[in-house]
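Remarks on the structure that follows.
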Amino acid sequence: MLKYENVSVSCGHTPLLSNINLTVNDNTITTVIGPNGCGKTTLLRALSGSCTVTSGKIYIDDTDYLSLKPKKRAQLLSYLPQIRGTIPTLSVKTLTEHGRFPYLGFTRKANAEDYRIIENSMNLAGVSDYATQSVDTLSGGIRQRAYISMQLAQDSSYVIADEPTTYLDIPSQKDVISIYRTQKELGKTVILVLHDIAQALSVSDQIIVMKDRKIIAADTPAELLKQHIIEDVFGIQIKEFKDEENTYYLCV
Amino acid sequence: MKKNKPFTIFIILFIALVAIFIFSLCVGSVNISAKDILNALFGKLIKISSSNNEPSAISASTIIIRSIRLPRVFAGLLAGIGLASAGVVLQGIMNNSLAGPNTIGVNSGAGFFVMLAMLFLPGKLWATPVFAFIGSLITTLAIFLLAYLGDRSRTTIILAGITVSSFLSAGINLIKLLDTDISINITTFLVGSLAGINANNLYIPAIGIVIAFIILLFLAKALNMLALGDEIAMSLGLNINVTRFSLLILSSILAGCVVSFAGLLSFVGLIVPHICRKLVGNDAKLLLPCSALLGGCFVMLSDALGRVIFAPYELPVGIIMAFIGGPFFMYLLLKKKGGRRLNA
């Protein structure tokens, strides 16, 4: 279980979030949604260390997460930020190998088990065919999966990604979502920031709705829909369509 | 991808390094044959074994080789290793392919402090490398500070480097005006030269460069992580502040040590890493040794050519390097970007 207790977060010297309380249960998919600039990314950056937690505590199963050493943290929780800036000239396999960094040290080099995990991660992310290709020559969708492959190689219980589907075409978005669904089936706890509300509704066990740097609600999709919270926050209407198996959502 | 490609490149570079090393020992105002070089290098052993029956065994060529050429060739090798690997590190920690000991002002910083050492502590052998290290460290820190106070962008880092660099150049020129009797030849110091180096100037910098380079090889993995961007490096569990700072100290030692005996050699630190990126890819584990080998080759060869082209007159190695390196780098920049290589 991941738990924020009265957490305040600053980026640089600017306080961005204050007194956040939040609980994420194990083996679920939680998504964070909210208008641009509402603090979604900051909420997750508190975990990665790129923003500073100024007060409050973050617990993972009664462990004070922020008091752990960086490598220990990385073994417990992987965070994939939005990929911006220059893309390194690395093969997909080399990129994935970086995911094993938290487990390596001066004395411990990558062994057969590490390479098994690396291969497995590339399979799960569907990039095995691109293993020797350079990341900067790949299309956006495959590149995103290559980075996810690195994240999976971290083999952490908590798998967190900031807008992993943004800027991708629909098939690539589906690929990415299905990778994280598989992670849940493998027993991991997944937290994603998503911009597509319909996607969030169909994939999540819990949705955290944020607005103006505050958490408005954190509940199951069904409960949020019943109370029209998402519709109020975004000023939209949500239509539901059902067939035999699934429910589909349309935001208008 | 052929796995052995970097290996082949390393073999070729190593052979080239040995060949250039021997060539550099042969040529100069007096040409010395390879046989005499072997005699000069290993003559001592022979002399000891054949007892003391021939006191005049040390010939003129032996003296030239041992006390003039050998230190000078080693100086070229060390300068190449130091500057090229400092360039790799600076490009890595600043995440900026334009960074190099010269472009961001680290060299000027070291140079300014070397001038101070000459001014206030003339004749002290330890002072030059130590001051050079302090100078390059202070400069790098100042640039980091400026960039962090600003928007931390790549442009800001380079602009901060240019600003600090010109500030320090002004300092160098001021000292030059104030003290015309300073014990080094300012012009050759500013372009970089290996003339007149003797072994005594080399011991401390050599130890510094070798140790810093070895430690650097252990930090290659961390350097690779920084290339992924700070956020990813952090979420993979790298302590980026400690890593950056350690790498910063190492690059300052490398660049500072070189400046202390060779002056403000430009170009090596910028272009050698770039050429090596094309040869072996961006993996620092390969990039660092490759840059060290190529850097050594480049400086030794340029120095040897400087001694040969207008013999018996000498051209400072800095001038030769700029003449060779500049156009070659242009060619690399303009060449089609295709055929990227991987480090798989």
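Details
- Only residues that are over 18 Å from B:Val73 (Cβ atoms) and in a helix (DSSP H, G or I) were counted in region B:273-303, giving 16.
- Pair list, Cβ < 8 Å and 6+ apart or interchain, from region A:225-252 residues that are within 16 Å of A:Asp205 (Cα to Cα) to residues that are among the aromatic types (Phe, Trp, Tyr): A:Thr247/A:Phe241; A:Tyr248/A:Phe241; A:Tyr249/A:Phe241
- Among the residues of region A:25-48, the one identified as within 14 Å of chain B (Cβ to nearest Cβ), closer than 17 Å to A:Ile207 by Cβ and crowded, with 22+ Cβ neighbours inside 10 Å is A:Leu44.
- Screening the candidates A:Gln82, A:Gln75 for the property of being within 13 Å of chain B (Cβ to nearest Cβ) and either out of contact with any Ser or Thr (no Cβ under 8 Å at 6 or more places or on another chain) or closer than 18 Å to A:Lys188 by Cβ (or both) yields one hit, A:Gln75.
- Boolean, B:Asn107 is in a helix (DSSP H, G or I) and either buried (at least 19 other Cβ atoms within 10 Å of the Cβ) or at pLDDT below 80 (or both): yes
- Residue tally, condition aliphatic (A, V, I, L, M), in contact (Cβ under 8 Å) with a residue 12 or more places away in the chain and more than 7 Å from chain A (Cβ to nearest Cβ), over region B:212-228: 9
- Verdict on B:Ala99 being crowded, with 19+ Cβ neighbours inside 10 Å, under 30 Å from A:Thr89 (Cα atoms) and within 14 Å of another protein chain (Cβ to nearest Cβ): yes
- Taking the conditions (1) modelled with pLDDT under 85; (2) among the charged types (D, E, K, R); (3) farther than 28 Å from B:Asn198 by Cα in turn, B:Glu314 satisfies each one other than (3).
- Matching residues in region A:64-115 - criterion: being surrounded by fewer than 18 Cβ atoms within 10 Å (Cβ to Cβ), among the charged types (D, E, K, R) and under 22 Å from A:Gly49 (Cβ atoms): A:Asp64, A:Lys69, A:Lys71, A:Lys72, A:Arg84
- Residue in region A:124-132 that is free of Cβ contacts under 8 Å to residues at least 60 places away in the same chain, crowded, with 19+ Cβ neighbours inside 10 Å, in a loop (DSSP other than H, G, I, E, B) and touching a His at 6+ places or on another chain (Cβ under 9 Å) present: no
- Among the numbered conditions (1) within 12 Å of chain B (Cβ to nearest Cβ); (2) among the basic types (Lys, Arg); (3) farther than 30 Å from A:Ser202 by Cβ; (4) free of Cβ contacts under 8 Å to residues at least 40 places away in the same chain, the only one that A:Arg100 does not meet is (4).
- Filter pass, B:Gly208 being assigned to a helix (DSSP H, G or I) and either away from chain A (no Cβ under 12 Å) or within 24 Å of A:Asp155 (Cβ to Cβ) (or both): yes
- With respect to the conditions (1) touching a strand residue (DSSP E or B) at 6+ places or on another chain (Cβ under 6 Å); (2) buried (at least 22 other Cβ atoms within 10 Å of the Cβ), A:Ile60 falls short on a single one, namely (2).
- Candidates B:Asn173, B:Asn201, B:Asn241 - the one that is assigned to a helix (DSSP H, G or I) and either within 14 Å of another protein chain (Cβ to nearest Cβ) or modelled with pLDDT of 90 or more (or both): B:Asn241
- Checklist (1) at pLDDT below 95; (2) of a type outside the set (Asp, Glu); (3) under 18 Å from A:Ile87 (Cβ atoms) applied to A:Lys174, failing item: (3)
- The single condition from (1) assigned to a helix (DSSP H, G or I); (2) at pLDDT below 95 that A:Gly85 fails is (1).
- Checking A:Thr137, A:Thr63 one by one, the residue that is free of Cβ contacts under 8 Å to residues at least 60 places away in the same chain and at the interface with another protein chain (Cβ under 8 Å from one of its Cβ atoms) is A:Thr137 and no other.
- Filtered residues of region A:91-113 (kept if farther than 19 Å from A:Gln183 by Cβ, at pLDDT 85 or above and either outside any strand (DSSP E or B) or among the hydrophobic types (A, V, I, L, M, F, W, C) (or both)): A:Lys93, A:Thr94, A:Glu97, A:Phe101, A:Leu104, A:Asn111, A:Ala112, A:Glu113
- One residue stands out in region B:244-292 among those that are touching a residue at least 60 places away in the same chain (Cβ under 8 Å) and of a type in the set (Phe, Trp, Tyr): the one that is nearest to the other protein chains (Cβ to nearest Cβ), namely B:Phe267.
The values are calculated or read from the model by the stated rules, or taken from the named source; none is laboratory data. Treat the numbers as computed from the prediction; the structure is a model and nothing was measured. Backbone-built Cβ (ideal geometry, glycine too); neighbour counts: all protein chains shown.
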